[in-house]
Amino acid sequence: MLRAGENEVVADDLLQAALQPLKAALVSQGDPPNKSGRPRFGQVRCGPPTACCNITLTPDPEAGKLHILVFGAGALGSVFGGLLARAGNDVVLVGRPWHLDAVTREGLLIEGIWGRHRVSNLRVVYDLAELRGPFALILVTVKAYDTSVAARAIQPFVGPDTLVVSLQNGLGNAEILAASVGKEKCAAGRVIFGAEIVTPGRVQVTVCADDVVIGPALPQAGAALRHSIARAVAIIKEAGIPCRAVEDVQPYLWAKAFYNCALNPLGALLGVNYGRVHDNPHTRRIMNGVIREAFAVAVSKGIKLPWQDADAYLDDFYTVLLPPTRDHRPSMLQDLERGRRTEIDALNGKIVAYGRETGTPTPYNEVLTNLVHFREISGKEFASD
C-alpha cells in the first residue's frame, strides 16, 4: 500500500523512455493560538470533510476551467488530478505506467472521506513528446530528489501565464523550480491530507489534517503571481480540495519539515511506527535535539514561525500533532524496505545544509542523514513492526 506522502514517482521508472534521455543530458550540466499567542496550524482534525475542511463538490459555473499538468501522479497527484478533472478541467497525468495503465483502461477511482468518484476524463501521457503546452497550471509531485529533472522537463510547457506549484515533501524544492521557470511563475504548497494507492487505478483519501496552503515560492511576489495563485486556489477549492492562499508559505513548509525530520528517519532506521518512537525516552531525546536544531536553523534564515521558541513547538508536537499519527509507519521506512532512495536530503539533510550556510550547528540532523544514507547504500533490512 503506497502512501501519499511518498509522492510515488521516482527517477528510475518515471516516464521510463521519456525522462531517461533528459536525465542523461543533464548529467554533464549538473543540478543548478499556542504559547506564542498566534493561531496553530497543522492540527490534525479527523472526521467528515465538511466538518474538517468546508468541502464543496459543486462546480462553480462562473469559474474558468484550466489546462492542467500533474507531473508525478502517484497517490497525491492522482487525488489532485482526478478531482480537478471531475470539476471539468482538462487534466493530463504523468506518472508510473503500472498505476496509470489502470487509469487509462478503467478511469480513476477516488474513495474515502471526500466521497466516491469514478473519473474517466483524465488524459495519461508516458512520452513527453506527446504533451502539448502551454499549461495554465503545473502541479509537481515527484520525489524531492527528482525536482531538478522535473524542472527541466516541464520547461517547454511553461507559457507566459503558467503557474508551477510544488506540492512536494521537504525543503528547497520550489526554489529549484523557480530557478528554472522563473520566480514569478512558481509557488509552493503545503499538503497535509492523507491518501494512498489501494490498487492500481484506485486511490483513497484517508484523513484531512488541514487545508492545502499555497503561497509564492520566493519573497516579494508581484501582483501577477498573487493573481495566479488566487486563481489556482479557487479552482482547487471548486474541485473539492480544501485550499487557501497565504502570503508566506515558508512557515507551513518548515513546520511540516520539523515533524518529518523528527519522526521519519528514526522510524525508518529502527523499523517502528511513530508511537514507538514517541514512547521511548531515548528516541524522544533525539527528536528533541532534531527539532531544536531545525528550529534554530529556521530562525537563523528569518522564517517567521508561529511559535515563540522550540519549546512552544515541542509542546504542540507532543500534545497535538503526533498523537493522531501514532500508528503511522514512516514513508521513509517503506522506501528502505523497497530498496528505494529516500528523501532524507530534502529533510534532515537540508537542515544540515542550511545550518552550514548560517553557522548553526546541526549534529543530530547530520547523524540521522548519514545513517539513512548508510541504509540506502547497504540495503540491509532490519525487523519492522
Only residues in region 249-273 that are under 15 Å from R292 (Cα atoms) count as the first member; pair them with residues that are at pLDDT 95 or above and of a type in the set (D, E, K, R), Cβ under 6 angstrom, at least 6 apart or cross-chain, and list the lot. K256/R190
Residue satisfying all of: in region 315-340; at pLDDT 95 or above and buried (at least 19 other Cβ atoms within 10 Å of the Cβ); nearest to Q168 (Cα to Cα) among these: F317
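Yes/no per residue for (1) crowded, with 19+ Cβ neighbours inside 10 Å; (2) closer than 30 Å to P251 by Cβ; (3) at pLDDT below 95:
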| position | (1), (2), (3) |
| --- | --- |
| L76 | yes, yes, yes |
| D90 | no, no, no |
| R132 | no, no, yes |
| A151 | yes, yes, no |
| T162 | yes, yes, no |
In region 90-112, what residues are of a type outside the set (A, V, I, L, M), over 12 Å from I197 (Cα atoms) and in a strand (DSSP E or B)? D90
Which condition number does L336 fail, the rest of (1) over 20 Å from the mean Cα position of the chain (by Cα); (2) assigned to a helix (DSSP H, G or I) being met? (1)
Do the conditions hold for D315, that is, is it over 16 Å from F258 (Cβ atoms) and of a type in the set (D, E)? no
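Looking at A187, is it crowded, with 24+ Cβ neighbours inside 10 Å, within 21 Å of G74 (Cα to Cα), over 12 Å from the mean Cα position of the chain (by Cα) and outside the structural domain of Y354 (by TED's automatic domain parsing)?
Details: crowded, with 24+ Cβ neighbours inside 10 Å: yes; within 21 Å of G74 (Cα to Cα): yes; over 12 Å from the mean Cα position of the chain (by Cα): yes; outside the structural domain of Y354 (by TED's automatic domain parsing): yes.
Criteria met by A187.
Quick one: which strands (runs of 3 or more DSSP E) sit completely within region 194-302 and have at least 2 residues that are under 30 Å from G359 (Cβ atoms) and in contact with a strand residue (DSSP E or B) (Cβ under 7 Å, 6 or more places away or on another chain)? Walk me through it before giving the result.
Working: elements: 202-208, 212-216, 243-245.
Where strands (runs of 3 or more DSSP E) fall fully within region 194-302 and carry at least 2 residues being under 30 Å from G359 (Cβ atoms) and in contact with a strand residue (DSSP E or B) (Cβ under 7 Å, 6 or more places away or on another chain), they are 212-216.
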Check whether at least one residue in region 112-122 is crowded, with 17+ Cβ neighbours inside 10 Å, at pLDDT 95 or above and more than 18 Å from V205 (Cα to Cα), and report yes or no. yes
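The values are calculated or read from the model by the stated rules, or taken from the named source; none is laboratory data. In this text, all values refer to a predicted model and were calculated from it rather than measured experimentally. We place every Cβ from the backbone using ideal geometry, glycine too, and count neighbours over all the protein chains shown.
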